[in-house]
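What follows is a short report on a single structure.
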Amino acid sequence: MNTPPQAIIVNNLKKVFRKRKGFLGTVLSEEWALKGISFNVAEGETYGILGPNGSGKSTLIRILSTLLTIDDGTVEIMGHSLPKQERWIRRNIGRVSVDAAFYKKLSARENLLFAGQLYGIPKKEAERRAIAILENLHLENRKFNDPLDELSRGMQQKIAVTRALLIDPPLLLLDEPTTGLDPRSRRDVQEYLERLREEKGTTILLTTHDMQEAERLCARIGFLAKGKLVAEGSADELKQKAGTENLEDAFIELTGIEFGKDEEEVKD
Amino acid sequence: MLTKIFRPLWAFVFRDFHLTRRYIHWEVVNLFYAMVSSATVALIGVASKDFRLTLRLTLGVLLWNFLSSLFHEIANSISYERWEGTLEYTFMAPVSRLQHLLGVSSYASVYALLRSFVVLGGLYLFIPMTLRGANMAGVVLVIAIGGLAFMGLGLMAAVLPLMSPERGASATEIFQGVLLLVSGVYYPVEVLPSWIRPLSVISPAKYALDACRKLMGTDNPASTNGHLAGASLSSVTPLLLVLALMGIILIPAGLYVFGVAEKWAKKTGKLKRTG
């Protein structure tokens, strides 16, 4: 049987943050954000990472986005390894973080054209693509020229999704993209992600707190707790493994952590 | 190929232009303040009825306006991205740091130049000045070459907010303050206490000011209130060479230091919004 080509191969990935504390910084403290995690994501698959705050989800996304270096282990993205081939990887990934980070005084148009030009897309083409994506996300065109700080959180997040998709990336890294969104905006984003996967075969790595979102979007889910990938499988497999009716109970059963309880956050 | 190199570089010019446009009311306020503070310094010369002192101070405020604005824009480009929370997105774009910093520096140069022209226009309202006889073409050349050295210093200072999100921006202000103190912008560096005077040797602003004063004839006994005896370009060649050498050393050094700091920031997680 042929195994499908892998978009992400993470092997024994470790990340530690060292900080100097105390008077004159003489005390060195170590906090392990990732304690040797391994997983693969096949091309065209949507893979979810579920875990409470401080479990290492954002650190993982940042490493895959080339924003953090690896302390141990290997990461391969579409056949390219980190950190050696990070320039190629940067060109082929789109990322959406939990906070829609923009130049708040600039309009959506100006922010998106800036992002497009950074990736070498001509202004007109970037504008055409941006409008098409925003229409799909049900954002009114007239908001395109408004400063970002005048738009709601939901609208800002839709523009963040547009920015990530502007380059038509084969891999999307989504770090809690729907946290804090109203139900309508959340549904718009989720529907669009489903369509992307179906129509373009985009690979998606999604971190989330939202069990329903994970069940709806992800073919497979990994439970991340205290920097370790505790369990992995489809939602049904995980529930079966834990002997529970729902995914939240499965998470509690398999990790020993209550989902609403944040772990002590590792400051990366 | 050229488009591939210049489009990302142009993206930073595009972004910074629109940011200036969106914050235009603050730009106007800052410009007004720069104009007024420049005039108050230059008027000290008018009050003492000394045209040489007036010219010296006027040249000082104008050159400092240009160089400090250039330095400030480049040095604070990282702090600004931290405040907005966009730093990670800029650093994960497939853009070389050379393209990134050249883009920022290109806009900063044009911005600083235009700003200095506006301040000059404002000064004309307060200070009776003649530039007849001054070697203005030479002055422009000195400013251009001196600007390169200041770009290099700006790149080095931009590293500070990268390394320390909380204290880095304050450190760049101190860096700029020390430059102002030791460069002899308004006074000869000889009046500085001996313990701090050696620092003036490494300030590009000192050489730029010395060259400009010669080219304008500020200290030339042959200069009069109505006609300046500006020096020829050849008489400031050694100063130009020092400035060019500083630019040649400081720009690559700034890029190198930035690269090292970026690696360190990626190891320690300092690129994150709040660090």
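What residue, among those in segment A:174-199 that are touching an Asp or Glu at 6+ places or on another chain (Cβ under 9 Å) and hydroxyl-bearing (Ser, Thr, Tyr), is farthest from A:GLU213 (Cα to Cα)? Looking at residues that are touching an Asp or Glu at 6+ places or on another chain (Cβ under 9 Å) and hydroxyl-bearing (Ser, Thr, Tyr), I get A:THR179.
Please work out which residue is nearest to A:PRO170 (Cα to Cα), limiting yourself to segment A:14-45 and to residues that are acidic (Asp, Glu) and in a strand (DSSP E or B). Quick ask: steps written out before the conclusion?
Our first condition is that a residue be acidic (Asp, Glu); within segment A:14-45, this holds for A:30-31, A:43, A:45.
With the extra rule that they be in a strand (DSSP E or B), the set shrinks to A:30-31.
Values: A:GLU30: 35, A:GLU31: 33 Å.
Ranking the qualifying residues of segment A:14-45, first place goes to A:GLU31.
In segment B:211-268, of all residues being of a type in the set (Ser, Thr, Tyr) and assigned to a loop (DSSP other than H, G, I, E, B), the one that is farthest from the other protein chains (Cβ to nearest Cβ) corresponds to B:THR224. Looking across segment A:4-61, just one residue is aliphatic (A, V, I, L, M) and at positive phi, and that is A:LEU24. Scanning segment A:61-77 for residues that are in contact (Cβ under 8 Å) with a residue 60 or more places away in the chain and in contact with an Asp or Glu (Cβ under 8 Å, 6 or more places away or on another chain) yields A:ILE61, A:ARG62, A:SER65, A:LEU68. Only one of the listed residues (A:LYS104, A:LYS143, A:LYS124) is out of contact with any Ser or Thr (no Cβ under 7 Å at 6 or more places or on another chain), part of a loop (DSSP other than H, G, I, E, B), of a type in the set (D, E, K, R) and surrounded by fewer than 21 Cβ atoms within 10 Å (Cβ to Cβ). That residue is A:LYS104. Does at least one position in segment A:204-217 carry a residue that is under 13 Å from the mean Cα position of the chain (by Cα), among the small types (Gly, Ala, Ser) and away from chain B (no Cβ under 14 Å)? Yes, that holds for at least one residue. Residues that are in contact (Cβ under 8 Å) with a residue 24 or more places away in the chain and small (Gly, Ala, Ser) within segment B:77-98 comprise B:SER77, B:SER79, B:GLY85, B:ALA93, listed in sequence order.
Scanning segment B:45-86 for residues being within 21 Å of B:LEU179 (Cβ to Cβ) and either in a helix (DSSP H, G or I) or β-branched (Val, Ile, Thr) (or both) gives a total of 24. For segment B:145-186, the set of residues classified as closer than 17 Å to B:ARG82 by Cβ, crowded, with 20+ Cβ neighbours inside 10 Å and among the hydrophobic types (A, V, I, L, M, F, W, C) consists of B:LEU155, B:ALA157, B:ALA158, B:VAL159, B:LEU160, B:LEU162, listed by residue number. Of all residues in segment A:1-16, those satisfying the criterion of being at pLDDT below 90 and touching a strand residue (DSSP E or B) at 6+ places or on another chain (Cβ under 9 Å) are A:THR3, A:PRO4. Within segment A:87-104, residues that are facing chain B (nearest Cβ under 9 Å) have Cβ atoms under 8 Å from residues that are among the basic types (Lys, Arg) and not in a loop (DSSP other than H, G, I, E, B) in these pairs: A:ALA100/A:ARG153; A:TYR103/B:ARG15, counting only partners at least 6 apart in sequence or on another chain. Within segment B:1-44, the set of residues being assigned to a helix (DSSP H, G or I), among the aliphatic types (A, V, I, L, M) and within 14 Å of chain A (Cβ to nearest Cβ) comprises B:LEU2, B:ILE5, B:LEU9, B:ALA11, B:VAL13, B:LEU19, B:ILE24.
Any residue at all in segment B:94-110 that is under 30 Å from B:ASP219 (Cβ atoms) and either of a type in the set (S, T, N, Q) or more than 14 Å from chain A (Cβ to nearest Cβ) (or both)?
yes
If I ask for residues that are among the small types (Gly, Ala, Ser) and within 18 Å of A:ILE93 (Cβ to Cβ), which ones from segment A:180-229 would you list?
First, pick out the residues of segment A:180-229 that are among the small types (Gly, Ala, Ser): A:180, A:185, A:201, A:214, A:219, A:222, A:225, A:227.
Correct list: A:GLY201 only.
The values are calculated or read from the model by the stated rules, or taken from the named source; none is laboratory data. The structure presented is a predicted model; accordingly, all values stated were derived computationally and were not measured. In this analysis, Cβ positions are derived from the backbone assuming ideal geometry, glycine residues included, and neighbour counts consider all displayed protein chains.
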